[in-house]
1. Which of the helices in chain B meet the span-like rule: DSSP H, Cα axial reach of 30 Å or more, Kyte-Doolittle mean at least -1.0?
2. To the nearest 20 debye, what is the magnitude of the charge dipole of chain B about its Cα centre, counting +1 on the Cβ of each Lys and Arg and -1 on the Cβ of each Asp and Glu?
3. Tell me the per residue accessible area of the protein assembly as shown using a 1.4 Å probe; a whole number in Å² is fine.
4. Lysines within cross-link reach of A:K106: Cα-Cα under 22 Å, excluding same-chain residues under 8 positions apart?
5. Under a cut-off of 19 Å between alpha-carbon atoms, report the lysines in cross-link reach of B:K42, not counting same-chain residues fewer than 8 places apart.
6. Applying the Karplus parametrisation 6.51 cos²θ - 1.76 cosθ + 1.60 with θ = phi - 60° to the phi angles of the stretch A:37-53, what ³J(HN,Hα) value in whole Hz is obtained for each residue in order, glycine and proline being reported as x?
7. Around A:T113, with a cut-off of 9 angstrom between Cβ atoms, what is the net charge of the other residues, counting Lys and Arg +1 and Asp and Glu -1?
8. Hey, got the dipole for the protein assembly as shown? About the Cα centre, +1 on K and R Cβ, -1 on D and E Cβ, debye to the nearest 20?
Protein chains: 2
Amino acid sequence: MTEFSFTLQARDGNARRGTISMPRGLIRTPAFMPVGTQATVKAMYPEQVRELGADIVLGNTYHLMLRPGAERVARLGGLHSFMRWPHPILTDSGGFQVMSLAQLTKLDEDGVTFKSHVDGSTHRLTPERSVEIQGLLGADITMQLDECLKLPADYSEVERAMELSLRWGERSKAAFGGEPGRALFGIVQGGDQADLRLRSAEGLRQIGFHGYAVGGLAVGEPQSVMLEILQETVPALPDEAPRYLMGVGTPEDILLSIARGIDMFDCVMPTRAGRHGQAFTRYGRLNMRNAKHAEDLSPLDPSSDCPAARDYSRAYLHHLFRTQETLGAMLLTWSNLAYYQTLMKEARQAISEGRYTDYVAEVRENWERGAP
Amino acid sequence: MTEFSFTLQARDGNARRGTISMPRGLIRTPAFMPVGTQATVKAMYPEQVRELGADIVLGNTYHLMLRPGAERVARLGGLHSFMRWPHPILTDSGGFQVMSLAQLTKLDEDGVTFKSHVDGSTHRLTPERSVEIQGLLGADITMQLDECLKLPADYSEVERAMELSLRWGERSKAAFGGEPGRALFGIVQGGDQADLRLRSAEGLRQIGFHGYAVGGLAVGEPQSVMLEILQETVPALPDEAPRYLMGVGTPEDILLSIARGIDMFDCVMPTRAGRHGQAFTRYGRLNMRNAKHAEDLSPLDPSSDCPAARDYSRAYLHHLFRTQETLGAMLLTWSNLAYYQTLMKEARQAISEGRYTDYVAEVRENWERGAP
């Protein structure tokens, strides 16, 4: 059985190319993890997700503990066979959705009590229960429970949440134990305060994790703030462990964060935007609901390997979104995920060839130039 | 360029196995035509529909004339390339949806005026305009405009509508002209009145069509009435032309109608029911929303060739429907269409081997026995 390991193959400035090895497979980094919220990457067959080059997907503990329930997933053989994704899965801790989706949330030192947004039933998450749930799901990478604030927030409030998250990180590690091949990631908090971020990173290093996430960004602050925080925080993280920027982001956010040393990303943007008619392409963003596409016979991107981007006309996609046909969401989700995976593949290649900065400049130029 | 032709390969009682040849391909009969209402078979990629064995799909004139519009489809190169279905397409006349979906419908001798259910805009369909629209779409098989009543209805009302439909059939034929390789089908009306059905069939024969549809059934009457009407009507239709029972139906309706000499079917049932969690299987119907499936690891049908029926657990399908995930509709639509196409394939085989009655008995026995 392979242990969890992370090896770096190349560096280009602060950007890194590497490989995470786990019993269920390799994860090539920089990696984008499609979000499979409720045990499905919305509007995609699992085989399609894999064929696009995804090595790992994310599952949401909050959603899965409510439906179908962690114990039920365990009885059914775990999340991998349930959703027919035999490759690595990272699960979040549930904390972020508790704060953003649940009702009547009540936080205390020990954990958080909340009412389900589905049926109003009461649930409790503690660091220990979150680790237990993620174990029941069968997660390959488990995330510690943390408290994630919306920005802007008062310094004292950010400090309190950061310190609570550190204590929860310690309890998560104790609860996790040492199951071989499974990994536990700690989460840096501290909002937009560089000194708090550094204290958080230092505290997590002392506890010791398989990987380190940066949480609490892309929650309302400008991109420049996010990038500054990364610039300050990433050097304080261990060089030999993977770094994961949670919930980020646009293609540009991702490329600029890779340049600052981030290895892993997840975001609902390609899937959610796809369901709403937004296409991410080599030529920038296109809104397929826009009337200008109504008689445009060109595809989203004739040079794409993805049938959704290559074979269907913009006119047809426009029609599917105007008539709210499911196939529109299916095609644009597919095409968007393909574009994200293409970016990651090209980024890895560019890092290996020492031309990452030029690569990012070329990509941005294409976005600005727009469709031919 | 191939002309339209229909050849019979086998008979078994009144059941027939045949082949329609058209420039865009062969249609093996008995044939089930998946419904592609708005230029998409809902929640399916076109390649999937083809791979299941569908030789032809149906498009809805009413929906397509409203969005994206017939002239627009023509400018974009026709419905086939628009929806990426290069094989035969049958379009209906628009009449049925005008009656069932449109608002403020006003019928006169010349045609029907109605307001769109989408935006309330006023539109007009006449037999000539319906044929023109279907030509603009590029239909391989065009249906005449008819008036379709809901049953039960008064004799005099049924008679009036049937006679109007006959006059519209004559005008449709005149408007259709003689484009080689394209076909025009007439539609038998007459409600549940055998004598009116016979007069309708006789009138249509005198006009002369490439094929003959039976319309105005499965609109609320019991199955026994539908089968009686078929029993009376089908012998009055030309033996050498294909016969199409419009909008029918359940797997049982279809098998029993084949036994009465019907060659072609269309129905939203497998696609619509699939979106609502109803599975049609070898073991009968299953409602995936039912709690009894919550921990059932068996697939819908392990012997199916369709990945959706064979590879995903009922527990997972149940979860997808409980959480209203798109993948549930995608999988059940796929599985249901696969089952319908399997039935047609097996029916064709059974007719060739002279054991159609036994085949139907076996299928019904499996439905009644239920899942193992």
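The values are calculated or read from the model by the stated rules, or taken from the named source; none is laboratory data. Nothing here was measured: the structure is a model prediction, and the numbers come from that model. Virtual Cβ from ideal backbone geometry, glycine too; neighbours counted across all protein chains shown. Calculation scope for accessible area: heavy atoms of the full protein, side chains included, ligands and nucleic acids excluded. Shrake-Rupley method; radii C 1.70, N 1.55, O 1.52, S 1.80 Å.
1. B:155-176, B:326-352
2. On the way: 40 positive and 46 negative charges, 195 e Å.
Dipole about the Cα centre, nearest 20: 940 debye.
3. Working: 27520 Å² over 744 residues.
Per residue, the protein assembly as shown has an accessible area of 37 Å².
4. Within the straight-line limit of under 22 Å, A:K106 reaches these lysines: A:K115, A:K150.
5. Hits, sequence-local ones excluded: A:K42.
6. Those phi angles translate into 2, 10, 6, 7, 6, 3, 6, 10, 6, x, 4, 5, 4, 4, 4, 6, x Hz.
7. Details: positive: A:K106, A:K115, A:R124; negative: A:D108.
Spelling it out: positives minus negatives among the neighbours equals +2.
8. Numbers: 80 positive and 92 negative charges, 42 e Å.
Using Cβ point charges on Lys, Arg, Asp and Glu, the protein assembly as shown gives about 200 debye.
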